[in-house]
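Chemist: This is the structure, below, for whatever I ask next.
The values are calculated or read from the model by the stated rules, or taken from the named source; none is laboratory data. Everything numeric here is computed off the predicted structure, so don't read it as measured data. All Cβ positions, glycine included, derive from the backbone under ideal geometry; neighbour counts span all protein chains shown.
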Amino acid sequence: MTGLSLGLWACGKKSPPSCLPKTGLSEREQLLRTQLAYAEPSPTVQKLCIDCTYFVPQNDGACGACSTVPGPIHPQGTCLLFRSKI
């Protein structure tokens, strides 16, 4: 986790318990998430969605979004398309 990411979480921003969608995604979108190996939490701290170029955070600290993976995205998740902002 980058220093900025660690600092935000340490300052009391709580991570959502889960961002795995229960409903609302089409079969195609669900398949794409599976094919891209979206996982939460990430098995490695070097690849967290919050540190990815494609991650779009929400102001309230809830699940974010991604410009490449459909559906809600956990800040501490990851997928095969991870690209570090740094």
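Chemist: Surrounded by 15 or more Cβ atoms within 10 Å (Cβ to Cβ) and out of contact with any Cys (no Cβ under 8 Å at 6 or more places or on another chain): is that true of P16 in this structure? Steps first, please.
Modeler: Details: surrounded by 15 or more Cβ atoms within 10 Å (Cβ to Cβ): yes; out of contact with any Cys (no Cβ under 8 Å at 6 or more places or on another chain): no.
Considered against the rule, which asks whether it is surrounded by 15 or more Cβ atoms within 10 Å (Cβ to Cβ) and out of contact with any Cys (no Cβ under 8 Å at 6 or more places or on another chain), P16 comes out as no.
Chemist: Further question on the same structure: Pull up the range 69-86, narrow it to residues that are buried (at least 18 other Cβ atoms within 10 Å of the Cβ) and free of Cβ contacts under 8 Å to residues at least 40 places away in the same chain, then point me to the one that is farthest from R33 (Cα to Cα).
Modeler: F82
Chemist: Being within 20 Å of F82 (Cβ to Cβ) and at pLDDT 70 or above narrows it down to one residue among L31, L4; which is it?
Modeler: Exactly one residue qualifies, and that residue is L31.
Chemist: Return the residues of the range 22-36 that are in a helix (DSSP H, G or I) and not β-branched (V, I, T); say none if nothing qualifies.
Modeler: Within the range 22-36, E27, R28, E29, Q30, L31, L32, R33, Q35 meet the criteria.
Chemist: Give me the pairs, please: first residue somewhere in the range 27-50 and at positive phi, second residue anywhere and surrounded by 15 or more Cβ atoms within 10 Å (Cβ to Cβ) and assigned to a helix (DSSP H, G or I), beta-carbon distance under 8 Å, and either six or more positions apart or on two chains.
Modeler: none
Chemist: Check G71, G61 and return the single one that is outside any helix (DSSP H, G or I), under 17 Å from P16 (Cβ atoms) and within 11 Å of the chain's Cα centre (by Cα).
Modeler: Of G71, G61, the one residue that is outside any helix (DSSP H, G or I), under 17 Å from P16 (Cβ atoms) and within 11 Å of the chain's Cα centre (by Cα) is G71.
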